[in-house]
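Quick notes on the structure that follows.
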Amino acid sequence: MEKIMPPWLLVAVLSSISLRVQSEGMIYKCNNPQVGTVYKKSPCIEEGQTVSKWEEPVREQKTISIRQGNSGHYFLEGEVNSTTFTFVVDTGASGVALPSSIAVAAKIDCKVHVAANTANGITDGCYVTLPVLRFGPFQLENIKAMILPNLEQPLLGMDVLERFNIEQDHGEMRISER
């Protein structure tokens, strides 16, 4: 024998579901006699307490998708000081590294020279702070970087990449805001 839900219980369940669905993403301004005005993500307890309600603004998440190059690497256009170039997205690099030629074109001066330990051995380099680094829809400020004279291709390393969600699937990499 099939049990049928009493109509009053069905109405209560449907009202509860409807109330939850309606309240998703809503902010309620409630007038509480004991404490005054209260802002809540759930409906006011009594209907007469609701002063106003509004939707929370939905922030659009910035994302860039890049296809894997023939070499198996991912390349991404970047910009520093109005100088554009192509980064290799390098999860094996600890930081941002730029060739000397790009540093000169972008008018970046080396002030602190150091011996840098790279995948190709120890080389002369210098640390700099990039006032603004742009790639795709992203703009970052005061980014530490290294200028390396023998580097052929700029590297976008983990000190920048760790600030984002990164997914790789079937020859496509997606970099998005956290």
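Observations
- When 105, 97, 145 are checked against the criterion of being free of Cβ contacts under 8 Å to residues at least 24 places away in the same chain and small (Gly, Ala, Ser), a single residue qualifies: 105.
- Within region 140-178, restricting attention to residues that are outside any loop (DSSP other than H, G, I, E, B) and small (Gly, Ala, Ser), the residue that is nearest to residue 78 (Cα to Cα) is 145.
- Among the candidates 45, 4, 27, the residue that is modelled with pLDDT under 65 and farther than 30 Å from residue 127 by Cα is uniquely 4.
- Options 126, 110: the member that is under 18 Å from residue 83 (Cβ atoms) and modelled with pLDDT under 90: 110
- Failed item, numbered, when residue 152 is tested on (1) loosely packed, with under 14 Cβ neighbours inside 10 Å; (2) among the charged types (D, E, K, R); (3) at pLDDT below 95; (4) under 20 Å from residue 62 (Cα atoms): (4)
- Within region 147-162, the set of residues being more than 25 Å from residue 121 (Cβ to Cβ) and touching a Lys or Arg at 6+ places or on another chain (Cβ under 7 Å) is empty.
- Selection from region 66-88 of residues that are of a type in the set (S, T, N, Q) and either at positive phi or not assigned by TED's automatic domain parsing to the domain that holds residue 165 (or both): 81, 82
- Of the strands (runs of 3 or more DSSP E) lying entirely inside region 78-137, those containing at least 3 residues that are in contact with a strand residue (DSSP E or B) (Cβ under 9 Å, 6 or more places away or on another chain) and under 21 Å from residue 177 (Cα atoms) span 83-89, 121-135.
- In the set (1) over 24 Å from residue 61 (Cβ atoms); (2) touching a helix residue (DSSP H, G or I) at 6+ places or on another chain (Cβ under 8 Å); (3) not basic (Lys, Arg), residue 96 fails one condition alone, (1).
The values are calculated or read from the model by the stated rules, or taken from the named source; none is laboratory data. These numbers come from a predicted model, not from an experiment. Note that we place each Cβ from the backbone using ideal geometry, even for glycine, and neighbour counts take in every protein chain shown.
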